[in-house]
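No lab work stands behind these numbers, since they all come straight from the coordinates. Model, not experiment: these values are computed from the prediction. FYI the Cβ positions are ideal-geometry reconstructions off the backbone, even for glycines, and counts take in every protein chain you see.
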Amino acid sequence: MITNKEFIEYFNKNKSKESYREIFNQYFLDSPKCRICDDIIYYYDSTFTFISKEIQLKGKSFLTSKNVDKCYYLNVCEDCLTKQYPEYSEKNKSRVFNQMNYLTEYAFDIDHEIALKWMKDKYAITEKNLIKKWGIDTGKKKWDEYRNKQALTNTFEYKREKYGWTEEEFKYYNKSRSVTIENLINRHGEEIGLKKWMDYCDRQKYTTTIEYFQEKHGIDKGNEVYDDFCKKRLFGVPYSKISIDIFENLISKINIKENYRIYYKDNEWYSYDKDNKKYYLIDFYIRDLNIGIEFNGDVWHANPKKYKPEDTPFPLDSGLNAKDIWKKDRIKNDFLRTKLNKLIIIWEDDLNKDGIDKTVDKIIKEIYE
């Protein structure tokens, strides 16, 4: 009869995936397998040890874990990891899984956003992390020092003195760092860049929902803050209070006749302009009729009845004048008209004159023309 100790001696003399599998299947037959190839999870340092007359796993195995938001276990074998990422074979094997990187995420099947949050919580320079490391007094002092330094190094004067940047170079640098669909595509390629952009949009949208404010401030205070937030926004997500009133009124009236699939507010409809690499949001979209409705706030869209071409509407702080805003809207609307059966535009000024009921009746008439 072969003893456990002899099994290990056999493996030590014949180290290979095949010899490992022979012993592994004897003692760990019902254990989880590689999620890619459904074979045993074997790595170059996978081996066995003999403790208390029992064979136990040593090195990387299905028992290898990574604690992030929960305990994740290694579920990809080395062959599959190397096939997916050939550069793994050139890495320092003893360090790869001690860090958090794309290899770790793949091997343990950890969602990228969860991994990013974990790294931020653990390693980012934050007041919380500095206090945790240095104590309250020293941590707060180091946090203030860090913020003051960041405020200085992010100024144009600092970049000009240290690197000799021009003002145009400084503006380009700041623009390249921002989260835009163009920057994400340039960094990650079109497929991954578009996915990251949509993920970013989803996160941004959540921070402007009533659920977010309730979660942050409690239900009563959250409702109050959310209502104030809506009043301060002339247009956007969440929608201005007046546009919500229009669309809710419209829904109640048109759904008396038809049970249309409608997209707006927390369930928006986007259309992607491949030529300009931009997603365009439509305020209100009736999928069954392929009709879109846009609500244009007078300030945000620089109502031509109120602004001259060179005026810069307040509180728009982008530096765009009315002529620039009209151009952006024209490009967007021209594109949307190529995708929609009809695009209906409502101006805030017309709404104020006609009232909600009359405005909604006009919209319904235009929908069914």
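Observations on the model:
- Working note: 222 nm ellipticity from helices only, DSSP H runs with n ≥ 4, each -39,500 (n - 2.57), summed and divided by the residues of the chain, gives -16000 deg cm²/dmol to the nearest 500.
- For the chain, the longest principal axis of the Cα atoms and the long axis of helix 167-177 meet at an angle of about 60 degrees.
- Top positive-direction residue, dipole computed over the chain with Cβ charges, set Ile131, Ile219, Asn259: Ile131
- ³J(HN,Hα), Karplus 6.51/-1.76/1.60, whole Hz, each residue of segment 286-295, x for Gly, Pro: 9, 5, 5, 9, 6, 10, x, 10, 10, 9
- Crossing angle, helix 136-153 versus the chain [Cα axis fit, 0-90 degrees, rounded to tens]: 60
- For trypsin sites (Lys or Arg not before Pro), the sites in segment 1-97 that DSSP calls loop and that have at most 16 other Cβ atoms within 10 Å are Lys15, Lys33, Arg35, Lys53, Lys70, Lys91.
- Between 0 and 90°, nearest 10: helix 190-206 axis offset from the chain longest Cα axis: 70
- Amide hydrogen proximity for Tyr72: with H placed 1.01 Å from N in the peptide plane, the residues at 5 or more positions away or on another chain lying under 5 Å are Lys66, Asn67.
- With an a/c value of 1.5 or above and a/b not larger than b/c for the gyration tensor axes a ≥ b ≥ c computed over the alpha-carbon atoms, segment 239-367 is described as oblate.
- Of all lysines in the structure, the ones whose alpha carbon falls short of 19 Å from that of Lys358, not counting any fewer than 8 places away in one chain, are Lys241, Lys253, Lys257.
- Cross-link pairs exceeding 22 Å in C-alpha to C-alpha distance, out of Lys120/Lys274; Lys278/Lys305; Lys91/Lys132; Lys342/Lys365, comprise Lys120/Lys274; Lys278/Lys305; Lys91/Lys132.
- Calculated diffusion of segment 1-129, Stokes-Einstein form, Kirkwood radius summed over Cα pairs, 37 °C and 0.692 mPa s, µm²/s: 203
- Computed lengthening from Glu9 to Leu152, 0.36 nm per intervening residue step minus Cα-Cα distance: 45.2 nm
- Rounded to 0.05, the FRET efficiency of the Ile125 and Thr49 pair, given R0 = 41 Å and the Cβ-Cβ distance, is 0.50.
- Cα convex hull volume per residue for the chain (Å³): 253
- Evaluated with a Cβ-only charge set (Lys, Arg +1; Asp, Glu -1), the chain carries a dipole of roughly 960 debye about its Cα centre, given to the nearest 20.
- Distance in nm between pseudo-label sites at Arg337 and Asp311 (7 Å out along the Cβ direction from Cα): 2.4
- Three-way shape label, segment 79-165, alpha-carbon gyration tensor, a/c 1.5: oblate
- Rounded to the nearest Hz, the phi-derived 3J(HN,Hα) couplings of segment 278-283 under the Karplus curve 6.51 cos²θ - 1.76 cosθ + 1.60 (θ = phi - 60°) are 9, 9, 10, 8, 9, 4, where x marks glycine and proline.
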